[in-house]
Amino acid sequence: MSGIVIIGSGQAGVDCAFGLRQQGYAGPITLLGDDPELPYQRPPLSKDVLKSRGAAGWLPLRGEALYAKQDIALRRGVRVQEIRRADRQVLLEDGSALPYDHLVLATGARNRLPPLPGLAEAAPLALRNAADTRRLIAALPDTGRLAIIGGGFIGLETAAALHGSDTRVTLFEAAPRLMARSVSAELSDWFRRFHAARGTDIRLNARIEAVRPGQLLLAGGEAQAFDALLLAAGVMPNVELAAAAGLTIGNGIRTDASHATSDPAIFAIGDCAEAPNPFAPAPVRLESVACASEQARRVAAILTDKAPPPQGPPWFWSHQGSARLQIAGLAQPGDATDIEGDLEDVSDDATLILRRLRDGRLCAVETVNQARTHMQARKTLAAEGAPEAAG
Ligand SMILES: Cc1cc2nc3c(=O)[nH]c(=O)nc-3n(C[C@H](O)[C@H](O)[C@H](O)COP(=O)(O)OP(=O)(O)OC[C@H]3O[C@@H](n4cnc5c(N)ncnc54)[C@H](O)[C@@H]3O)c2cc1C
């Protein structure tokens, strides 16, 4: 028996390995990850770890001893080079081969590099893994002016972690609003004012034409000087291994509802996978801890011949200073927004509930500092079922 090989030691890979043992799988499990660290949680990197300059919040996904206890062969700092489907083997960087009965791809995503002249040469800082975070923290003492490219969760969490510090943050977002893929226009604007009130200079509709050493050149001739540059302009899924092996790729490694790829012996989960979701009109690739964990649990059940737990409504969180944003469900552009709370209040005590409605039916709930409402919304959405499924 060759057992199960998992590529990627992030949230999805680790949860799948432990989930398999929990479901009673007794065969060999090998977890391969190119990150040399003991697998860790990513969310704190842009929040407590950054805010405390590395002193707090560095959290392993599981204690080191548990891998041995659960007989999970964790191999750190090992990169998989190739999948040989015909032989059911993966080839490692060092040339060795590892056989599998089933393979789980949990290869995650990496920072997207926008095609801006001079950007690659400027070697911008990133915030995707532990090494990135250490580099960013090390750069901060010399960083009077930090320019951030990207007004999504990571860029804004970074800005929030630096509120009140000596670092002056200017954030450039190409879209007309912040977190445009994730939240309603009303909440985007609330967060813009929330960050501006705490000293972050936010530039929407930003047109960066080129990057020069220490400078962003903007359309219209303006130059913005920086001491450090952080790239937070979204991610792209790590699909190359799967693509080279001939698996079907969409906006991620494409799977069916059971998370199997176009090869039934190979599954894909987490940030790298595009899967049907009862709460989305079309297959979707979600970037969240909740999705990675849910898909990992489902594959662990499927690989041990059990019925997978049902897919619940997707949910997300982003802590930006005192603003605890939580989102339950998936909204689409054009969904109506029903607001409870005072949008003018951007104080630390502000609370907001924004219900997103499609044809009068609840499809998502965005909350700020309303954890109980968020939990209730997840229950309601799960009980009512997906608007897509309602037909
Ligand atoms: C800074 C930060 C903050 C975040 N905050 C939140 C948050 O607040 N809430 C939330 O829900 N989500 C958050 N996320 C997103 C969340 O962390 C991800 O959605 C989740 O970690 C995805 O897990 P994953 O296992 O699919 O992928 P990843 O965590 O990316 O893990 C994939 C791993 O596979 C490795 N790999 C890739 N190719 C190979 C190969 N060929 N061989 C070996 N290894 C390989 C990668 O290097 C990586 O270590 C955050 C992400 C970041 C980066």
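So for the range 111-122 (the condition being within 12 Å of the ligand (Cβ to nearest atom), among the polar types (S, T, N, Q), more than 24 Å from G246 (Cα to Cα) and in contact with a strand residue (DSSP E or B) (Cβ under 9 Å, 6 or more places away or on another chain)), does at least one residue qualify? Full working, then the answer.
Filtering the range 111-122 for residues within 12 Å of the ligand (Cβ to nearest atom) gives 111.
Among the residues that remain, those that are also among the polar types (S, T, N, Q) are: 111.
Imposing the further condition that a residue be more than 24 Å from G246 (Cα to Cα) reduces the set to none.
No, every residue in the range 111-122 fails to be within 12 Å of the ligand (Cβ to nearest atom), among the polar types (S, T, N, Q), more than 24 Å from G246 (Cα to Cα) and in contact with a strand residue (DSSP E or B) (Cβ under 9 Å, 6 or more places away or on another chain).
Which residues, counting only those in the range 258-277, are in contact with a helix residue (DSSP H, G or I) (Cβ under 6 Å, 6 or more places away or on another chain) and crowded, with 24+ Cβ neighbours inside 10 Å?
Answer for the range 258-277, where residues must be in contact with a helix residue (DSSP H, G or I) (Cβ under 6 Å, 6 or more places away or on another chain) and crowded, with 24+ Cβ neighbours inside 10 Å: H259, F267, I269, G270.
Would you point out which residue out of L330, L354, L343 is away from the ligand (no atom under 12 Å from the Cβ), aliphatic (A, V, I, L, M) and surrounded by fewer than 21 Cβ atoms within 10 Å (Cβ to Cβ)?
Details: L330 fails: surrounded by fewer than 21 Cβ atoms within 10 Å (Cβ to Cβ); L354 fails: surrounded by fewer than 21 Cβ atoms within 10 Å (Cβ to Cβ).
One residue alone meets the criteria, L343.
What are the residues in the range 131-185 that are over 18 Å from A228 (Cα atoms) and of a type in the set (A, V, I, L, M), if any? Show your work before the answer.
At the first step, the residues of the range 131-185 found to be over 18 Å from A228 (Cα atoms) are 152-153, 174-185.
Correct list: A174, A175, L178, M179, A180, V183, A185.
If a residue has to be outside any loop (DSSP other than H, G, I, E, B), small (G, A, S) and surrounded by 14 or more Cβ atoms within 10 Å (Cβ to Cβ) to count, how many in the range 227-248 make the cut?
The first filter runs over the range 227-248 and keeps only residues outside any loop (DSSP other than H, G, I, E, B), leaving 228-231, 235-237, 240-244.
Then keep just the ones that are small (G, A, S); that gives 228, 242-244.
Pick out the ones that are also surrounded by 14 or more Cβ atoms within 10 Å (Cβ to Cβ) and you get 228, 242.
Final tally of qualifying residues: 2.
Here is a check on your reading of the model: is N251 within 16 Å of the ligand (Cβ to nearest atom), surrounded by fewer than 19 Cβ atoms within 10 Å (Cβ to Cβ) and not aliphatic (A, V, I, L, M)? Before the answer, list the steps.
Numbers: within 16 Å of the ligand (Cβ to nearest atom): yes; surrounded by fewer than 19 Cβ atoms within 10 Å (Cβ to Cβ): yes; not aliphatic (A, V, I, L, M): yes.
Taking the combined requirement at face value, the residue satisfies it.
For the range 53-72, enumerate the residues that are more than 30 Å from A159 (Cα to Cα), touching a Phe, Trp or Tyr at 6+ places or on another chain (Cβ under 8 Å) and not in a helix (DSSP H, G or I). Before the answer, list the steps.
As a first pass, look at the range 53-72 and keep what is more than 30 Å from A159 (Cα to Cα): 63-72.
Among the residues that remain, those that are also touching a Phe, Trp or Tyr at 6+ places or on another chain (Cβ under 8 Å) are: 66, 70, 72.
Across the range 53-72, the qualifying residues are Q70, I72.
Take the conditions free of Cβ contacts under 8 Å to residues at least 12 places away in the same chain and either charged (D, E, K, R) or under 26 Å from T351 (Cβ atoms) (or both) and apply them to S188. Does it pass? I'd like the intermediate steps shown before the answer.
Values: free of Cβ contacts under 8 Å to residues at least 12 places away in the same chain: yes; either charged (D, E, K, R) or under 26 Å from T351 (Cβ atoms) (or both): yes.
When the stated conditions are applied, S188 passes them.
Do the conditions hold for V211, that is, is it within 16 Å of the ligand (Cβ to nearest atom) and of a type in the set (V, I, T)? Please lay out each step first, then the result.
On the way: within 16 Å of the ligand (Cβ to nearest atom): no; of a type in the set (V, I, T): yes.
Here the answer is no, as V211 does not meet what is asked.
Which residues, counting only those in the range 1-52, are more than 12 Å from the ligand (Cβ to nearest atom), outside any loop (DSSP other than H, G, I, E, B) and of a type in the set (F, W, Y)?
The one that is more than 12 Å from the ligand (Cβ to nearest atom), outside any loop (DSSP other than H, G, I, E, B) and of a type in the set (F, W, Y): F18.
For G151, are the conditions met, namely being surrounded by 15 or more Cβ atoms within 10 Å (Cβ to Cβ), at positive phi and under 21 Å from the mean Cα position of the chain (by Cα)? Talk me through it step by step, then tell me what you get.
On the way: surrounded by 15 or more Cβ atoms within 10 Å (Cβ to Cβ): yes; at positive phi: no; under 21 Å from the mean Cα position of the chain (by Cα): yes.
No.
Go through the residues of the range 80-92 one by one and say whether even a single one is in a helix (DSSP H, G or I), loosely packed, with under 13 Cβ neighbours inside 10 Å and assigned by TED's automatic domain parsing to the domain that holds L247. Full working, then the answer.
Narrowing the range 80-92 to residues in a helix (DSSP H, G or I): 85-87.
From what's left, loosely packed, with under 13 Cβ neighbours inside 10 Å: 86-87.
Those still in the list that are assigned by TED's automatic domain parsing to the domain that holds L247 too: 86-87.
Yes, there is a match, as at least one residue in the range 80-92 is in a helix (DSSP H, G or I), loosely packed, with under 13 Cβ neighbours inside 10 Å and assigned by TED's automatic domain parsing to the domain that holds L247.
The values are calculated or read from the model by the stated rules, or taken from the named source; none is laboratory data. What you see is a predicted model; the values in this text were computed from it and never measured. Virtual Cβ from ideal backbone geometry, glycine too; neighbours counted across all protein chains shown.
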